[in-house]
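Written out below as structure tokens is the structure these notes cover.
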Amino acid sequence: MSSTAAGAERVVSGMRPTGPLHLGHYHGVLKNWLRLQHEFDCFFFIADWHALTTHYEQPEDISELALNMAVEWLAVGIDPKQSHLFIQSQVPEHAELHLLLSMITPLSWLERVPTYKDQQEKLRHLDLSTYGFLGYPLLQSADILIYRGTRVPVGEDQVAHVEITREIARRFNHLFGRGADFEARAEEAVRRLGRKQARLYQQLRRRYQEEGDQQALEVAQAMLEEHGSLSLGDRERLVGYLEGVGRQILAEPEAQLTPQARLPGLDGQKMSKSYGNTISLREPLEEVTRKLRTMPTDPARVRRSDPGEPERCPVWQLHRVYSNEEVQRWAAQGCRSAGIGCLDCKQPVIDAVAAELTPIQARIREYDADPDMVRSILSEGRERAVDLARDTLAQVRDAMGLDYR
Ligand code: TRP
Ligand code: SF4
């Protein structure tokens, strides 16, 4: 078992502000965020530094894109009362952690992250042979580790980045979690538990380490978790000492993939800006209608009287997301028997997308009209983020010998 700080689960995720969010983001990552914010302490940030790694030649857009993105998050229901929303570059602690982690990160780890070469090849029009771009996954690791994030809700394309984050946390803990004075400091922490609790802790620790008594481990973990006055450092030391693993300063996160099927784009491929097949959250409804009406269908249905096959049609994939069983049955039957035309078939999807977007767009208009409110939400989120980031960073500095108090 890995020992995260006080066993607390924390969700961390970010998005690069590179353009308006679309329905693919909404049905993919954002719905996942919406669900998680009810269950966990969540940190969601706008990864403006990550946007600069690729778009450093057009920096003038970034702050506007960032603010628009915050508006879109709020409009879909990310709730600043439940989640902490902020801008990455406003918590410069991420950058210091990135620097410190860079000291222990083998170059080969970064070079072999699959997105490194893929993106360089895909984005040939950009010069990505930069130091910053190579460090992209490490900056992301710092983003996650600084909040001791345990769950990272992202799309599949980001799993490799969460994986390298785990490796870096492990390497860090291995190098610095068991300093020469670890045992002595753990013993001091035991004494700070108070006499009765200290005796109990030692008993339980012995039962676990000498006899493999799993229950003793759990009782001791619960006791540490419930202890009211332990500092974070002491708690981690005591958990590490108990488990015999040294101090887990950085928590190993896990990727949390969206359970839902991904929303296809207008051409049936994954919805993505680079394929030009998106419906943005800000798309005027007439434009939504136009895009859906002109969307390709089963190529076998050249004429209205030709029967079609839904499995070969991208509109059908939208029905699977937006329509109930009855409508799906109607569409599939009508398609196969040429009983309905493609425009008939598309109408319920058009209506459903419009119904989904209407309230979101109303809220987008409200937040767009009140940028001060959005800024103040981001600055509140930032404050909470900074508190936690400083705390982690202090421990990291300490562990790396940068302790000048
Ligand atoms: N790289 C992520 C993306 O492109 C954005 C990101 C930056 C991120 N830092 C993060 C996601 C930390 C999760 C956690 O989508
Ligand atoms: Fe696609 Fe519907 Fe046309 Fe069939 S009827 S080809 S499912 S749009």
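The values are calculated or read from the model by the stated rules, or taken from the named source; none is laboratory data. For clarity, every value in this text was computed on a predicted model and none was experimentally measured. Every residue, glycine among them, receives a Cβ derived from its backbone with ideal geometry; neighbour counts consider all protein chains shown.
Values computed for the structure shown
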quantity	calculated
Failed item in (1) part of a helix (DSSP H, G or I); (2) over 24 Å from GLY135 (Cα atoms), with LEU52 passing the rest	(2)
Index of the failed condition, ALA332 passing every other in (1) farther than 30 Å from GLY233 by Cβ; (2) in contact with a Phe, Trp or Tyr (Cβ under 9 Å, 6 or more places away or on another chain); (3) touching a residue at least 24 places away in the same chain (Cβ under 8 Å)	(3)
Meets criteria (acidic (Asp, Glu), closer than 29 Å to VAL12 by Cα, in contact with a strand residue (DSSP E or B) (Cβ under 8 Å, 6 or more places away or on another chain) and at pLDDT 90 or above) for GLU163	yes
Subset of the range 113-127 [under 16 Å from ASP157 (Cβ atoms) and either touching a residue at least 24 places away in the same chain (Cβ under 8 Å) or assigned to a loop (DSSP other than H, G, I, E, B) (or both)]	VAL113, PRO114, THR115, GLN119, LYS122, LEU123
Test: residue in the range 339-356 that is near ligand 2 (Cβ under 10 Å from one of its atoms), farther than 29 Å from LEU281 by Cβ and exposed (fewer than 15 other Cβ atoms within 10 Å of the Cβ)	yes
Which listed residue is among the basic types (Lys, Arg) and touching a residue at least 24 places away in the same chain (Cβ under 8 Å), from ARG191, ARG199, ARG205, ARG195	ARG205
Identity of the residue in the range 31-49, within 12 Å of ligand 1 (Cβ to nearest atom) and not in a strand (DSSP E or B), that ends up nearest to GLN317 (Cα to Cα)	ASN32
Residue ranges of helices (runs of 4 or more DSSP H) in the range 131-244 with at least 1 members away from ligand 1 (no atom under 16 Å from the Cβ)	131-134, 159-176, 182-191, 195-211, 214-226, 232-243
Check on ILE104, in contact with a helix residue (DSSP H, G or I) (Cβ under 7 Å, 6 or more places away or on another chain), outside any helix (DSSP H, G or I), more than 21 Å from ASN32 (Cβ to Cβ) and hydrophobic (A, V, I, L, M, F, W, C)	yes
Scope the range 275-317; condition more than 10 Å from ligand 2 (Cβ to nearest atom), polar (S, T, N, Q) and surrounded by 11 or more Cβ atoms within 10 Å (Cβ to Cβ); matching residues	ASN277, THR278, SER280, THR289
In the range 319-338, the residues that are within 10 Å of ligand 2 (Cβ to nearest atom), closer than 19 Å to MET271 by Cα and in contact with a Pro (Cβ under 7 Å, 6 or more places away or on another chain)	none
Failed item in (1) of a type outside the set (D, E, K, R); (2) in contact with a Ser or Thr (Cβ under 9 Å, 6 or more places away or on another chain); (3) surrounded by fewer than 23 Cβ atoms within 10 Å (Cβ to Cβ), with SER89 passing the rest	(2)
Which listed residue is at pLDDT 95 or above, touching a helix residue (DSSP H, G or I) at 6+ places or on another chain (Cβ under 8 Å) and of a type outside the set (Phe, Trp, Tyr), from GLU236, GLU309	GLU309
